[in-house]
Amino acid sequence: MGVNSPLDRKLRMGLVGGGRGAFIGRVHATAAILDNRATLVAGALSADPQKAKESAPDYDIPPDRAYGSYQEMIDRERQLPEEQRIDFVAIATPNHTHFPIAKAAIEAGFNVVCDKPMTFDLAQAEELVRLVEQHQVVFALTHNYTGYPLVRQARQMILNGELGEIQAIRAFYIQGWLRTRLELSEQKQASWRTDPARSGAAGCFGDIATHAFNLARYMTGLIPSEISAHLKTFEPGRPLDDYGTAVIRFQNGALGTVTASQISHGRENDLFIEIDGTKGSLQWRQEEPNMMIVRRNGEPHRIYSRDPNAPYMNEAGKAACRLPSGHPEAFFEAFANIYRAAYDDMVRRATGQAFERVHTIYPNVYDGVEGMYFIQQAVESSRQNGAWLPLHHEKARV
């Protein structure tokens, strides 16, 4: 699964975030070591120094590498001998902290794996692109749904022309957990996601619509041209949107829609996508990730199951599988596929080999800047009552 190289050791990880009460930090830590190619050796697990150090035993981080802040971790780690210091920093913190942590890590020469959305605003995202290009580090963004085997199967099918010209995309991410003002109960996840000072310009659209948009871009490769969006806050007093929909025009003439909700009763993490081409259509749903439906007029519907040994699976789909058919692979494995692909490039960098910087199988800094542009333009379009605004950022991957 890994690249051939003289690097005969595990990569060393430093985690920022993930202290007690956190969610995504534990996911990062689990996914990062799933393939036994990395080890978590250091961490700054909370903005509260005491909590950061108290959380370290939960991850088997030794006391001397349990740091009270990300600045301390980066400063101390860069002073260690090369054979001891961390290779990369994983960022699993609220949005408003992503940029300063990533900037410090990149300038210190460390690779970065960052949670999405990449930054607090577009200007920060553009600066991260500049820094990554200047320091030539590996930067992976955990749009983790791109790691599912059947998502990668679909991507290769579409890029190979099996669905013909793509003409329509419908991407949805529907939740219901913020139907009430959960943030008023000081629930940690709700509190920062609904706070403009920590989440950014968008709530629901920044948190989950970015996943739906990224999935559409990843699977089809289509380049967006313009966006018209309507965002709304249905819960009185909430400062950020909890529902929204956008129409996207693509450069090839295709139309796309992105709909996101956090106020739909009974919905959990229902990310799903439908793609229509001239030769066929497909449908994939994150809550049933090991099945994909392909439809063609006049033919029975085809159900693709995740089976690395099946003749219908292409190389991209097979490479993302770990288990035989019938054994469900899901969230952790998809997340780990982002890490695994990024590790290949980290090894190449560490051993002086060339590595791809733009067209990676994992989401990267260029996808991150596009995601922030999507958020900015969606919010501004909604403010202008659905005005059509540009959506192609010059630094986005094409």
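Just the residues that are out of contact with any Gly (no Cβ under 8 Å at 6 or more places or on another chain) and touching a residue at least 60 places away in the same chain (Cβ under 8 Å), please, taken from the range 371-384.
Across the range 371-384, the qualifying residues are Gly371, Met372, Tyr373, Phe374, Gln376, Gln377, Val379, Ser381.
Given the conditions (1) in contact (Cβ under 8 Å) with a residue 24 or more places away in the chain; (2) assigned to a helix (DSSP H, G or I), and given that Gly21 satisfies all but one, which numbered condition is not satisfied?
(2)
For Leu80, state whether it is in contact (Cβ under 8 Å) with a residue 24 or more places away in the chain and outside the structural domain of Arg193 (by TED's automatic domain parsing).
No; evaluated as a whole, the condition is false for this residue.
Looking only at the range 265-308, which residues are surrounded by 17 or more Cβ atoms within 10 Å (Cβ to Cβ) and assigned to a loop (DSSP other than H, G, I, E, B)?
Hits for the range 265-308 are Arg267, Gly280, Gln286, Pro289, Asn290, Arg306, Asp307.
Would you call Asp35 within 26 Å of Glu329 (Cα to Cα), assigned to a helix (DSSP H, G or I), charged (D, E, K, R) and in contact (Cβ under 8 Å) with a residue 12 or more places away in the chain?
no
Which one is surrounded by the fewest Cβ atoms within 10 Å (Cβ to Cβ) among residues in the range 107-158 that are aliphatic (A, V, I, L, M) and in a loop (DSSP other than H, G, I, E, B)?
Ala108
Does Gly19 count as at pLDDT below 95, in the same structural domain as Gln353 (by TED's automatic domain parsing) and either in contact with a Cys (Cβ under 7 Å, 6 or more places away or on another chain) or surrounded by 13 or more Cβ atoms within 10 Å (Cβ to Cβ) (or both)?
yes
Looking at Asp60, Asp64, which is the one that is of a type in the set (D, E, K, R), at negative phi and exposed (fewer than 13 other Cβ atoms within 10 Å of the Cβ)?
Asp64
Just to verify a result, which residue in the range 52-68, among those that are in a loop (DSSP other than H, G, I, E, B) and not hydroxyl-bearing (Ser, Thr, Tyr), is farthest from Ala29 (Cα to Cα)?
If we take residues in the range 52-68 being in a loop (DSSP other than H, G, I, E, B) and not hydroxyl-bearing (Ser, Thr, Tyr), then Gly68 is farthest from Ala29 (Cα to Cα).
Taking Glu235 as meeting all but one of (1) within 16 Å of Trp388 (Cβ to Cβ); (2) surrounded by fewer than 22 Cβ atoms within 10 Å (Cβ to Cβ); (3) touching a Ser or Thr at 6+ places or on another chain (Cβ under 8 Å), write down the number of the exception.
The single condition Glu235 does not satisfy is (1).
Among (1) within 19 Å of Tyr343 (Cα to Cα); (2) of a type outside the set (Ser, Thr, Tyr); (3) without any contact (Cβ under 8 Å) to a residue 12 or more places away in the chain; (4) not in a helix (DSSP H, G or I), which single condition is Leu40 missing?
(3)
The values are calculated or read from the model by the stated rules, or taken from the named source; none is laboratory data. In this text, all values refer to a predicted model and were calculated from it rather than measured experimentally. Quick reminder, even Gly has a Cβ in these numbers, built from the backbone with ideal geometry, and neighbours come from all protein chains shown.
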